[in-house]
Structures are given as C-alpha cells and as structure tokens.
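The values are calculated or read from the model by the stated rules, or taken from the named source; none is laboratory data. Everything numeric in this text was worked out from a predicted model, so none of it was measured. Here the Cβ is made from the backbone with ideal geometry for all residues, glycine too, and neighbour counts use every protein chain on show. Protein only, heavy atoms only, side chains kept; ligands, DNA and RNA dropped before computing areas. Shrake-Rupley method; radii C 1.70, N 1.55, O 1.52, S 1.80 Å.
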Amino acid sequence: MASESTHAVLQPNVGTAEHGHHPAQMPTGIMRWVLTTNHKEIGSLYLLFSLLMLFVGGSMALVIRAELFQPGLQYVQPEFFNQMTTMHGLIMVFGAIMPAFVGLANWMIPMQIGAPDMALPRLNNFSFWLLPVAFGILLSTLLMEGGGPNFGWTFYAPLSTTYAPPSTSFFIMSIHLAGISSILGAINIIATILNLRTPGMRLMDMSLFVWTWLITAFLLIAVMPVLAGVVTMMLLDINFGTSFFDAAGGGDPVLFQHLFWFFGHPEVYIMILPAFGIVSLIVPTFARKRLFGYASMVYATASIALLSFVVWAHHMFTVGLPLTAELFFMYSTMLIAVPTGVKVFNWIATLFRGSISFEVPMLFALGFIVMFTIGGLSGVMLAIVPADFQYHDTYFVVAHFHYVLVPGALFAILAGAYYWMPKWTGHYADETLGRWHFWLSVIGVNLTFFPMHFSGLAGMPRRIPDYALQFADFNMISSIGGFLFGFSQLIFVWVLVKAIRGGEKAPAKAWEGAEGLEWTVPCPAPIHTFETPPKFVPEVDSPSRH
Amino acid sequence: MSKSQSSDVGVKRTVRKTLWALMGMVLFTIALVPLYDVFCEVTGLNGKTATSAQVMSAQGRDETRWVRVQLVTRSGTGLPWRLEALDQVIAVHPGEIAQARFRFTNTSDVRSSGRAVPSVSPSQGARHFRKMECFCFQEQWLEGGESIELPLVFQVDPALPADIQTLTLAYTLYPMSEVVAQGGYRE
Amino acid sequence: MIRLTIAAFLGFALLPLIGNVHASSINTSSGWNMPMGVTDISQEVFHLHMTILWICIAIAVIVFGVMFWSLFKYRRTQGAKSAHFHENTFVEVMWTAIPMVILVVMAIPATATLKKMYDTSNADIDILVTGYQWRWRYEYLGEDVSFFSNLSTPREQIYGQEERGDFYLVEVDEPMVVPVGRKIRLLLTANDVIHSWWVPDLAVKKDAIPGFINESWTRIDEPGVYRGQCAELCGRDHGFMPIEVKAVSEEEYVAWLASKREAAITEAQGADREWALGELMERGEGTYNTYCAACHQPDGKGLPPIFPALAGTGISIDPSARQAHIDIVLYGKTGTPMPAFGTTLSPAELAAVITYERNAWGNNTADSVQPAEIRDLLGSQ
C-alpha cells in the first residue's frame, strides 16, 4: 500500500526491502524496533521516548502547580512535593530535553552530512535502550519505601547522602545509566561528524545544527565523567563509609557543589547549543536569506562552550566564596553574554531584509529568539553577585531557567519537529493545529513563568510546597498558565499522529527556502539514504573557501 | 569500498581518541578531590585549616594591631560529650604565640572517641591562622565520666590582611566510630 | 504579527489587574519587585538591581524593536524580496564591542557593592546562627543567650481549618532581636544539612553549612520586624522554617537580653523540684509539638523509614530502654536527622518530652523522667 511505503520509517517493516542490506534476517514486529541499528529508527525511538518523558515530567510539574494554586497544603504532603520537584527536574533534563536532541541528531546529522548512517550503529541502539532502563529505575523509586529522590535535581550533599531516602542508590544507578547513554551517544556523533562527511564537505561547510552538536558532544565527553564521579562519591559515602561530602569525616559538602556545577553548567549549554543550531537553520529558511555571520556563529558556539567551564561557581555565590572568587565568577559569567548576544544579533540580521513567512516552524523559532533572550537577560542580572544574593534560590531563578529551557530548548525542539516532520512522515504538519499549538504554548508559557519573576523578586524561595499569602496571586496565575501550557502539548501529539497517518504530501524540498542535503532526498526519507555519498557543492563564498 | 574502509579506519581512530579523552576526564575527576583540598589549604577557601601542626612564622610580632580570636564550640550529633571553650575570646597581636583551653567531658559512662573539626571565618583568614598544637589533628578517647582540658597553641600570621580584625574558630564535635555513634544504644 | 503583539500586550496588561491584591506584604517589596529593604546595603543592592534591570529592558526594547520591525517590514506577503548579504565586519565588531562596554558599566558598581558586603570588620554584636531541620537557633556570643526560633503558624492554618493570618508561614515563636544602628556580625553554620539564612529586607543571604562556618553582617537603622525564610532546600519542612528579625532600640535590646537570661535561670530552676506526671505530660506535649512533631508527627506515627514511629513501638514503649530513650534525645543519632537536644533544650523540657513520648498515644509505660535526672546526667554547666 502506498501510504505504508511513504512513511516507511515509522512503520518500518514494509516497503523497505529494496533498500535493505539484509532483508532476510530483519526481525519483525517489536523486535524490529528493539534490535534496529538504523539511525532514522533510533532517532524516532529517541524522539518518542523524550515525548513520553515530557508528559511524565510535565504531569509532575502539574502536581506541583496544583499544590501551589493556593496557599496551604491541599493535595500533597511536603515529602511528596519534594519528590515531584526533584523528579520533574531530573526527567525533563535527562529524559526529555537531552534525548530529544540526540533523537534529532540521529535523524538529521547523517542526512545533513551525506552519510548513510551513524558511524557506530549498534552502539547507537545500545545507547538508546539504556535510557528506558535508566528511567524505569528512576520512576520505580517513587514506589519504594521512603519514596524517591527528594533532594532537588541538584541533589546537594549531605541532604542526598546522610539524610537521603533508601532509594538513593537506585537513583545513582539510573544517573549512571543515563550518563553512559549520553557518553556513547556523544562518541557516536563525534565519530560520525568527523569521518562520514560526504567528500568535499569541510567542517566550515557543515550546517550549524551539525556544528552545535559536534561542540555539544565534546562537552558531553568532558563533563559526563564528572557527573559519574560525583554520584559515585555519593554512593561511597552512603554505602561504604567514606566521607567525601561529610564534615564529620573530614569531607566538605561544598566540594559536592563545586563538582556538581563543574558538570552542571556545561550541562546547561548541552541543552541549549543544539537549539541554537536548529534555530540557525529555520530562520534562514523562512527568511529566504542566508544565515548572517555563519563563521561568527561557529566561533560564538565554541566560545560559549569554553566559557562554560569557568563559570560554574555562579550557582554558588551564597556558599561563602572568598571575595576574589566571587568577582572572578561574576566577570566570567557576564562575559558569556557577549557570544550569546552575537548569536541573537546574527539571527535578527538574518531576518533583516529577508522575505519572511510565518509557517509553524518559524513561529516556534521566533518564539525561541524572543523568550530565550528574556531568559538570557535575566541571566545577566543573576550574574551580578550583590543582586544575586537576593535572587538566588528564589522563583526569579526558576523563571530564568524555565525561560531558557522551555521557550528556549523545548521550543527549538518543537520548531525542529515541525520543520522536519515532512521529512520524517512525508506529510506537512497540520498548519492550523500547529498554530493553535504555538499560540497556546506561548500564552501558557508566559502566564506560567513571567509572574515567577515577580514572586521571586518579592521574596518567594523556590522548592517550597506552601507560601506566604503575599505570593498567592502570582502563584494562581502561574498554575493556570501551567495547566494551559501542559494540555496544549497534547495538540502536538495530535499533529504528529495526523502527519504520520496522512496529510498534505511534501516534496523532497519541503520548504522553499530550505538548504542542505537532507532536502535532496524524498519525503518521507527512505529508510536508507546516501548509500553512495552525494555530491556536495559548497556555496561559492562559503567560509571554507576564504 | 576503499572509501568506506578509510572512513572505518577514521571512525576507529576517532573513537580511540574520544575514549582517551574520556579516560582523561575520569582521572581529572578523581584528581579533583585532592586538588580541591590543596586548593582550599592554599587559599583558605571554605575556612579549612591545616590538618597537622605548623611551624611558627618567624616574622615577628606586629604590636601595632590587635586581632580578636573568637572560639566557638558546637556539639555534633550522636556523641554524649560536652565541648566547652574555656577562653571564648582572646586578643592577640599578629605573630604572638597564644594558647586557648578547651574542656572535653564525656557525660556518659561508656568509653568513646570523638574529633573536633575546625572551621575558620572569614575564610580568607584561615591560612593565616597557624596551629602549632591542636587536639583537632587526631581523635580523642574519653573514659565514661572523664573530663580533660586540652590546649590549642596558635599564632596569627602577621601577613593577615589588615581588614580582618576578628577571626572566629569554630569546633564541631563529631563521633568517630560506629559503636560510639550509636552511643551504646540498643534498638 | 499584529496578532502576536496584541496577544503579548493582553497577557501582560491583565497581570496588574489581578496581581497584588493582598495588602499584607511580608517585606518592603511592592509585591512586584525586589524589596528596597531597610539597610544601606539592601538599598544599594536594590538600586544596583534597578540599574541592571533598566539596562536589560533597554537592550530588550532595542533588540526586539529591530526584530519585530524586520518581521513586519519584510513580510513575504507584502512582496518582500530577500537581500543577499550575509556578513558585515563592522556591525559584527560593533555588536561584540558594545555589549562588552555595557558589561563593564554593570560590573563597576556591582564590584563596589560586593566589597562592602564582604567587610565584616568592626562588628558590635556577634550572633551564631545555626540551621536545624527545620528551625533556626540563635546564640548571642559572649552574652550567654541562646534559643531556638520555630515556625509559629498553627497546623490548622496550613491545612485550611482556620483562617490564615497576615504573616502566615513567616512568623516565629522567638524572633532574633537586635538593636538598631549597631553592626551585627552573623556567623552561620548548620547542624545537619545545608540551610540558607535569608532576610530580603536586609539583603543578607548566606548558606549555613554543617561543619563549616560562614559570615555576613547587617546594620539596621529602622526599628521593625523583618521576615525571611530558609532559601536552600533542606528536606521535608524546608518551606516551614522562617526567620524573624526584630530591630529595637538599644534600651529595649538590653532589657530583652536581661529577660532572656532571667528566663533561662527560671527555666533551669525547674530542675530543682519534683514534677508531677500530669505536669510533665502537659509541658511535654507542647515541647513535642514544637520540636518533634515535624518528623515523628503529632500522632507519633512518624514517617518511616526515615522518621521512625514512636507510638506503640520501639524504645518508647520498652520499659528496659528508658535510658536509651533519654540518650537518643539528649545526644541525637549519627547518620540520621535526629539532632542532639541535650545542649539546646532545658532539663525540664527534655524530661517532659521524654515522659510525654513514653506515655502519649497509648504508650502508657507510666515512666516519668524528672528534670533533675536530666540535669545530673548532663552535668552542671
């Protein structure tokens, strides 16, 4: 049937025989998905997994928002509330945002560099299947005696060691598994990008999505071992009587924070650099104009990545660092605004004198630019140490990082999903539904997170299940916004299912202004693409020719 | 075919390099723990003081100023002891050798051991607080009901920044062994 | 495009209509913004915050202005044809250099303020602040005054059985009292996990770290009550350990110190007499609900496995474990959240609470513990 072969990738066991290397051994049914080594299928698995996790983590956010709708304790007790804030953070960071970017990388990187697959297909399968195991374990801790992790996603010692629930060892195991998955994914991406580019494509010819992912992958290799180290030390402290983080045995709880944020700050950029890449593809497509300052985009990304290693203690301005350290981290943090600003200016310069249309991917990309910039500006405010003493650990910080991660990272992922959905499914996403999804998300996200700036400034600490009456109105608005935003995401599921099942058929080059090798293969992309490397002709004045 | 073989070799080489980088980061992470301690000791980060006796600084006394040394004690959890600073505030000239007395009392009738963990504030002053003799370098054992007085012999380095006029030294008492940690309770 | 603008404006135009209905602000904040506070430092921080905020707003207006103007002007539906430029060294250098200059402009006042905040020299009063799960303890060094400061909002308000008061969740039984116009040096540490002592009106937020000591300072010129909360997640009742600082005149402060000392003496004298079981139970219930109920729960059922039950189980019903029960209350238990109360509560409170735990909720061991016994165990100070 035609419809089956057109979306070969999402219904993979039909219509692919003519492309397959070994159709005879290809398992069918569920095992096909379990054993697949195809980058497109693994990409889909990653994306579907992260979508599931988005709803799991999102439901937890709604538990939090329901409890905070009014002052007083109504629905949950503080210990469960703390588990919800912790799990919400862990699941969104490690289960939703990161796997979604890996999924996009799996799908698009080989197609953008003209490679037939990822460099290490079987490793690719393994790194994906570690994730369901990791999050299965993590979620199961909620049912254990004493409950799941309740010490915040930053799991500061000694709350997460001496004072932690018994399930903490399982939490550590799941972090290890998710970390190994990320490291293996990063190795695969680096090996693919550095070795499988089609002849003639130089590094400076690559799309910015590929570039940002290459840099992100190096960040992962650099910091995931630090995360693994820090949770291992926790494990030793809990179960084997060491005292890395326990003052009683000569340890230091502040060491935990230094190690955690040495991982944690680059981690923040791991979640935003690929988003920069996606937006840098979508904005030129719908402005029908080449990206302004390609080379400076690459250098800005690299500088952000490098700077991310020397700013970690800005998360710790209140732990009592010496004055000189506070000043150093304040200045280095402020410096990050420069390359980040360059990126925003480049996008705007790309829009300037373009020929702009507002399809759904573009709407999400523009939403990203505006709201990410709001998050970036509050980030500059947070860098100012004396003011940070007032902002630190309040809802102002919650507002800041949600602006960067929700209308930031998540909007970029959604923009990418709408942008590439024709390539994945062969059909355009439903434009009307997509617009509803966008506008409801924009309203929901701002209703949820903008008031948090105010409640935070006025003095509301984060991670509390109940609050002083003064904060009641802002919390009520945030809760209404949260539910609106959360339920709006169901529209996306609808759009996705609709596009898989049918809809307006897309040509190979689904968007008029789109550039890149992925738009030279048909929509939907056949299960195997670029078995012979495509011919790549760089633009005459591309930076690699200078 | 030769193309795909050459890319195979390339992939292997890249993987090998990234694995080396990964190993490097693992070793770096392990090294961070001792590095942090060294860093703290050198800069006084976090108000940590040396864990063994230091020699006195021979820079001589700076009679032009006084430094108030404030001694604070805290009993930690799980040890039936009392720790008191007998001299709560001592004014010294930088460079002067001074002594502060502390009394440890075991209020239970069981022999047990504990250790007093020091912390100095402001932390920039920590490395200028030189301890020549301190009970904090090793664990202490006390018989049930025993009470002992132990000295801290110290010197404030004349290099102490002029804007620090008060140094606070806090000792927190922690139990040392698991038996003691249980305080002899049966549950 | 017009739709987007309208949506954005509508969203934010509605906020002021619904926001800030409650008059009872818990600090000097307008309800929308950082509190100006009542110290020189807090006002300096406020002005620094406003300066940076306005710079950020100006940047946002310019950046978004150019962006939305471009989106409007170069709409494809209006027949816009795209230009072909994609580089311009001059503008690229400018938009790297100008932000650098702006950042330097921000950094200068920030550095100056930070230096002042770090200058703890010449303090008049030293107060050791210790964070516990979930209360603060204040010890006035050299004054022989120390006490716990607990949340005083009744549970009935939290669970909605009673109308909530103006200072719901930001009121305590014993505020930290300080004189106005004097430099107060705060030494911060913690007994168990990391806490953070934050009073927005004083612009002081500093972590209290177990085993380590931190310091900060404040000088309050306006008499009044200034409220704050723990700012670092410290477990179950993190949201329920507020801070109340009461700034009073010098005379009132001196009188308050004297009354605290006197109260401590009276309290200690409680150990000199024999207490009846009923009296111990009554006192014990109050002490239990203040210090023990957050973990072991008002009904003694605890929250296992972290916080064990006391009702009908364990040492509190075992007649042979009376001494063990006393020991664990006095000295705490390592590796658990159970703190040592022996040095912080009075013999009368300790004896009463142990008696209460051994007789309440049907535990009926009929054991009573006399304050004198506790006093003798701890040895005279």
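Tabulated data for the structure shown
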read-out: Among beta bridges that DSSP assigns inside segment C:125-267, antiparallel share in %, nearest 5; value: 70
read-out: Estimated distance in nm for a label pair at A:V310 and C:A112, the labels positioned 7 Å out from Cα along Cα-to-Cβ; value: 2.7
read-out: Measure of compaction for segment A:35-201 (Cα Rg per 2.2 N^0.38 Å); value: 1.20
read-out: Whether segment B:1-112 is rounded, prolate or oblate, judged on the alpha carbon gyration tensor where a/c under 1.5 counts as rounded; value: oblate
read-out: Segment C:271-379, Cα convex hull volume normalised per residue, Å³; value: 90
read-out: Pairs beyond 31 Å (Cα-Cα), from B:K48/C:K301; C:K183/C:K260; A:K40/A:K535; B:K48/C:K205; value: B:K48/C:K301
read-out: The protein assembly as shown - Rg over Rh from alpha carbon coordinates, Kirkwood radius; value: 1.00
read-out: Angle between chain C longest axis and helix C:40-73 axis [Cα atoms, degrees, rounded to 10]; value: 40
read-out: Set of segment C:346-381 residues, backbone N closer than 20 Å to the point 7 Å along the Cα-Cβ line of C:R273; value: C:346-356, C:368-376
read-out: Between segment C:41-76 and segment A:387-461, the alpha-carbon center distance in angstrom; value: 19
read-out: Cα gyration tensor, chain C - rounded (a/c under 1.5), prolate or oblate; value: prolate
read-out: Theoretical FRET efficiency, 1/(1+(r/R0)^6), r = Cβ-Cβ of B:E146 and A:L139, R0 51 Å, to 0.05; value: 0.45
read-out: Distance (nanometres) between label positions extended 7 Å along Cα→Cβ at B:V42 and A:K505; value: 6.9
read-out: Cα centroid of segment C:176-242 to Cα centroid of segment A:310-343, whole Å; value: 24
read-out: Candidates per GluC sites (Glu not before Pro) in segment C:100-201, loop by DSSP, up to 14 other Cβ within 10 Å; value: C:E143, C:E162, C:E163
read-out: Label-point separation in nm, C:S121 to A:R122, each point 7 Å along Cα→Cβ; value: 6.9
read-out: Chain A: radius of gyration over Cα atoms, expressed as a fraction of 2.2 N^0.38 Å; value: 0.95
read-out: Computed log₁₀ I(q)/I(0) - Debye formula, equal Cα scatterers, no solvent, segment A:340-443, q 0.17, 0.19, 0.21 Å⁻¹; value: -0.84, -0.97, -1.09
read-out: Gyration tensor (Cα) of segment C:54-145, equivalent ellipsoid semi-axes in angstrom; value: 55, 19, 10
read-out: In degrees, nearest ten, helix A:208-239 long axis to first principal axis of chain A (Cα); value: 40
read-out: Equivalent ellipsoid dimensions for segment A:353-509 as semi-axes, Å, which come from the Cα gyration tensor, largest first; value: 35, 17, 11
read-out: Where A:S355, B:S6, C:S82 fall by accessible area, highest first, once all protein chains stay in place (1.4 Å); value: B:S6, C:S82, A:S355
read-out: Exposure rank, largest accessible area first [C:C295, B:C40; 1.4 Å]; value: C:C295, B:C40
read-out: Helix A:253-270 vs. chain A, principal-axis angle (Cα, 0 to 90°, nearest 10); value: 20
read-out: Rounded, prolate or oblate (a/c below 1.5 giving rounded, otherwise prolate when a/b exceeds b/c) for segment C:168-287 by Cα gyration tensor; value: oblate
read-out: Average partner coverage of C:196-209, which counts Cβ from other chains inside 10 Å; value: 5
read-out: Helix-derived mean residue ellipticity, 222 nm - over the protein assembly as shown, DSSP H n ≥ 4, -39500 (n - 2.57), to 500; value: -16000 deg cm²/dmol
